[in-house]
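First up is the structure itself, then whatever we jot down about it.
The values are calculated or read from the model by the stated rules, or taken from the named source; none is laboratory data. Here the structure is a predicted model, which means the values were calculated and not measured. So basically every Cβ, Gly included, is an ideal-geometry build from the backbone, and we count neighbours across all protein chains shown.
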Amino acid sequence: MCTVIYLPGQAGLPRFISIRDEHKARALARKPMIKHEGDVDVLSPIDPLGGGSWIGVNGFLDTIVLFNGAFTKHPAGCVYRMSRGVIVKQLLETGIPLVEWTYIPLEGVEPFSLLVFTDAQLYRLTWDGKQKHQEVLNKQVPHIFSSVTLYDAHASGQRESLFLQWYNQVTERSNTPIEALCDLTNDTYNGFLIKRE
């Protein structure tokens with residue numbers, strides 16, 4: 001949930017990539033499974049620590065992907081009342097994530113951002129710790145988001161350049177695999193496959 005990528009898809013169905021950079025001591029997430037919640041089926045992995053998820057899709061094809069932080073780095077180590085991943089589950093379970101976003105109380109929740117695809121539109125929803133933000137994004141172009149909790153503006157810019165380089169290769173040769181993105185840099189601190197202690 002530290003790097004989120006959006007790729008415009010064929011026939012209006014986009015692709016999402018979530019690179020979840022977690023501490024090696026963190027418990028492994030449970031494999032994705034379909035759960036029937038109210039009147040909505042939701043497919044997502046579950047994080048055993050917080051009970052939420054960083055990515056999911058519901059039966060209406062609403063897709064939500066979480067990444068940590070808002071627009072600027074916030075202080076770490078605070079105690080929060082609920083996991084941000086629970087918000088992902090709650091929004092997917094409603095079947096109307098944008099409406100639910102306006103009503104869901106977020107006081108006491110750590111700052112976060114969500115990439116949301118619903119009703120054939122792409123949005124970035126952000127909670128900065130004080131207020132909610134909602135931005136419509138261009139769904140026709142690729143996007144990459146790097147968590148401000150891990151990457152400063154310089155590193156985020158470098159990652160975006162590498163991503164666009166990879167994306168241009170993909171559009172020129174349709175068989176370029178996603179793994180090729182990870183091979184563009186050997187930087188284990190700010191690259192796409194990181195190894196931090």
**Item:** Selection within the range 109-119 - in a strand (DSSP E or B) and either over 14 Å from Leu66 (Cα atoms) or of a type in the set (Gly, Ala, Ser) (or both)
**Value:** Ser113, Thr118
**Asked** Restricting attention to the range 117-126, does a residue exist that is surrounded by 19 or more Cβ atoms within 10 Å (Cβ to Cβ), without any contact (Cβ under 8 Å) to a residue 40 or more places away in the chain, assigned by TED's automatic domain parsing to the domain that holds Ala70 and within 24 Å of Arg84 (Cα to Cα)?
**Response** yes
**Message:** Would you confirm, using the coordinates I've provided, whether Val88 is of a type in the set (Val, Ile, Thr) and under 16 Å from the mean Cα position of the chain (by Cα)?
**Reply:** yes
**Complete:** Note on the range 64-101: residues hydrophobic (A, V, I, L, M, F, W, C) and either touching a His at 6+ places or on another chain (Cβ under 8 Å) or in a loop (DSSP other than H, G, I, E, B) (or both) are Ala70, Phe71, Ala76, Cys78, Val79, Met82, Ile96
**Request:** Give the range 95-108 a look and list any residue that's at pLDDT 90 or above and surrounded by 13 or more Cβ atoms within 10 Å (Cβ to Cβ), or say none.
**Result:** Ile96, Pro97, Leu98, Glu100, Trp101, Ile104, Leu106
**Asked** Would a scan of the range 26-38 turn up a residue that is in contact (Cβ under 8 Å) with a residue 24 or more places away in the chain, within 13 Å of the chain's Cα centre (by Cα) and outside any loop (DSSP other than H, G, I, E, B)?
**Response** no
**Hits in the range 34-62 (condition: among the β-branched types (Val, Ile, Thr) and surrounded by fewer than 16 Cβ atoms within 10 Å (Cβ to Cβ))** = Ile34
**Message:** So Gly38 ticks every box in (1) small (Gly, Ala, Ser); (2) more than 28 Å from Gln131 (Cα to Cα); (3) at pLDDT 80 or above but one. Which box is left unticked?
**Reply:** (3)
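Looking only at the range 143-163, which residues are closer than 22 Å to Phe117 by Cα and of a type in the set (A, V, I, L, M)?
Ile144, Val148
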**Request:** Report whether or not Gln131 is over 30 Å from Ser83 (Cβ atoms) and assigned by TED's automatic domain parsing to the domain that holds His74.
**Result:** no
